[in-house]
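Beneath this line is the structure, given in structure tokens, with notes to follow.
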Amino acid sequence: MTLSSVSKASIKDWISDISIKKALFPVIGILVFLMLWQIGASRVNTSLGTFPGPVVVYEQWNSLVDDHHRERTKESAFYERQEQRIEARQAKDPNYVGKIRSYTGKPTFFDQIFTSLYTVLAGFGLATLIAIPVGILIGLNSSVYSALNPVIQIFKPVSPLAWLPLVTMVVSASYVSDDPMFSKSFLTSMFTVTLCCMWPTLINTAVGVAAVEKDLLNVSKVLRLGWMTHVIKIVIPSAIPLMFTGLRLSLGIAWMVLIAAEMLAQNPGLGKFVWDEFQNGSSNSLGRIMVAVLTIGFIGFLLDRAMLTIQRYVSWDKTQVLR
């Protein structure tokens, strides 16, 4: 056996050990957390009973899944009955044009998840469309920065609980339509998310733009690039790492703000689900609230991983991509 083959074998073993450790430690951490959770939960008694442990939460998850399947079955049967009535009517009167009415059953836990995801992505998208251009403008022009910095510093720390009543009043007063494209509850939640989550993206974009290397700026001057070409070819690629740091922070804030806004305003979504279960006060409520809490955390984690994946794909400097 040669020295090179021994070295290769030892390197492979070392890499294998690292991979096992990376997979093993998270599993150990989760198991320890579940054990501590179970021990702590069994010692906490509330007005609704013992605080739910992992087993109870798992049972409530299965219950919510069953509720969703039953609701979808009812929905399918509802539409089938309408179609059968229309077909029977058309058999007697070929000129009859039937109308399918929408199902108005109670939204399930998974319907609320979809509603929250749709709303948070809409609010985050609108915030991004505002924050990135303004951030680029601020980073390129010190006069614009001096003019807008006081406004940014004043509105950046404002809580969503303060924005929500104002946004609700404005949407109710200005969005008046007999056939609205979007519901007022959706717009209220979306605009509240936008107002609260745009600041990290705006600030990090401005910092990234202002920190473009002088050598790159000199190259742009030598090539006599136009303003738009300079921004697209030089500024944005250089600012992408910090820009995505802001986007990841904004998306995390957006998700937290949305849940709070849904709870306070009773708008459809996971926040309303938590509040409704709290108000319900049944023996299953605590378990279902805990299911929602874990789901909110898991979705937040997935959103951050998705943004990180996009950052790794578009960033030219892979060493600056934070994990």
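The values are calculated or read from the model by the stated rules, or taken from the named source; none is laboratory data. This one's a predicted model, so the numbers in the text were calculated from it and none came from an experiment. For neighbour counting, all protein chains shown are included, and Cβ atoms are generated from backbone atoms with ideal geometry for every residue, glycine included.
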task: Could you please find all residues in segment 29-55 being under 28 Å from the mean Cα position of the chain (by Cα) and exposed (fewer than 10 other Cβ atoms within 10 Å of the Cβ)?
output: none
query: Of all residues in segment 224-241, which are surrounded by fewer than 19 Cβ atoms within 10 Å (Cβ to Cβ), assigned to a helix (DSSP H, G or I) and not aliphatic (A, V, I, L, M)?
result: Trp227, Thr229, Lys233, Pro237
message: So for segment 214-223 (the condition being in a helix (DSSP H, G or I), touching a residue at least 60 places away in the same chain (Cβ under 8 Å) and either surrounded by 14 or more Cβ atoms within 10 Å (Cβ to Cβ) or among the small types (Gly, Ala, Ser) (or both)), does at least one residue qualify?
response: no
statement: Residue hits (segment 119-142; hydroxyl-bearing (Ser, Thr, Tyr) and without any contact (Cβ under 8 Å) to a residue 60 or more places away in the chain) are Ser142
query: Residue check, Thr104 against (1) assigned to a helix (DSSP H, G or I); (2) closer than 23 Å to Gly271 by Cα; (3) of a type in the set (Val, Ile, Thr); (4) more than 25 Å from the chain's Cα centre (by Cα), all met but one. Which one?
result: (1)
message: Just to be sure I understand the filter: pairs with C-beta atoms under 7 Å, separated by 6 or more residues or on different chains, first member in segment 47-60 and on the phi > 0 side of the Ramachandran plot, second member modelled with pLDDT under 80. Which pairs pass?
response: Gly49/Ser283
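Name every residue in segment 73-89 that is touching a residue at least 24 places away in the same chain (Cβ under 8 Å) and of a type outside the set (A, V, I, L, M, F, W, C), in order of residue number.
Once the filter is applied, which keeps residues that are touching a residue at least 24 places away in the same chain (Cβ under 8 Å) and of a type outside the set (A, V, I, L, M, F, W, C), segment 73-89 yields Lys74, Glu75, Tyr79.
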message: Looking for something loosely packed, with under 14 Cβ neighbours inside 10 Å and under 30 Å from Thr194 (Cβ atoms) - is there at least one such residue anywhere in segment 70-90?
response: no
message: Step by step: first the residues of segment 158-193, then only those that are small (Gly, Ala, Ser) and surrounded by 15 or more Cβ atoms within 10 Å (Cβ to Cβ), then the one that is farthest from Ala131 (Cα to Cα). Which residue is that?
response: Ser185
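Considering each residue of segment 267-305, count those that are without any contact (Cβ under 8 Å) to a residue 24 or more places away in the chain, among the hydrophobic types (A, V, I, L, M, F, W, C) and within 26 Å of Thr245 (Cα to Cα), and give that number. Please lay out each step first, then the result.
Going residue by residue through segment 267-305, those that are without any contact (Cβ under 8 Å) to a residue 24 or more places away in the chain are 274-280, 289, 293, 297-298, 301-302, 305.
This time we only want the ones that are among the hydrophobic types (A, V, I, L, M, F, W, C), so: 274-275, 278, 289, 293, 298, 301-302.
Now restrict to residues that are within 26 Å of Thr245 (Cα to Cα): 293, 298, 301-302.
Of the residues in segment 267-305, 4 are without any contact (Cβ under 8 Å) to a residue 24 or more places away in the chain, among the hydrophobic types (A, V, I, L, M, F, W, C) and within 26 Å of Thr245 (Cα to Cα).
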